[in-house]
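Below is one structure, written out as structure tokens, with a few remarks after it.
Values in this text are rule-based calculations from the coordinates and carry no lab data. Note that this is a predicted model, so its numbers are computed, not measured. Cβ placement follows ideal geometry from the backbone for every residue including glycine, while neighbour counts extend to all protein chains displayed.
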């Protein structure tokens, strides 16, 4: 039997094996840390995705409500236009309201007179809900009307 009793070779071999084990352990630790970071990132991204999907559903609900409101408004506008056509066919005077100026004209606005001088001009005001609060006809007509709230 030939035994190798050289301690320096055994120690070198053990040191190489130890360094290899340490290197593998460090690599495993690095892989595990990377795995944990990726798992945390995945969890955060999944939560963000759920939040964005919830926001999308809310936006879709609002869009659907706006589309329905637009359809109702279009139908109302069409009804009002048909009513206006019927009024004109019956010979009723045209009413034109300028909300920015707070004036309503019975008949066509007159170009040669100012708004205050036109007999067909009526000063009007509405509340936030669109209810008529006040209507003042031309003073020369001797009429006045006030809506109390």
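Of note:
- Order of 122, 97 - criterion: other Cβ atoms within 10 Å of each residue's Cβ, fewest first: 97, 122
- Prolate/oblate/rounded label for the stretch 7-91 (Cα gyration tensor, a/c 1.5): prolate
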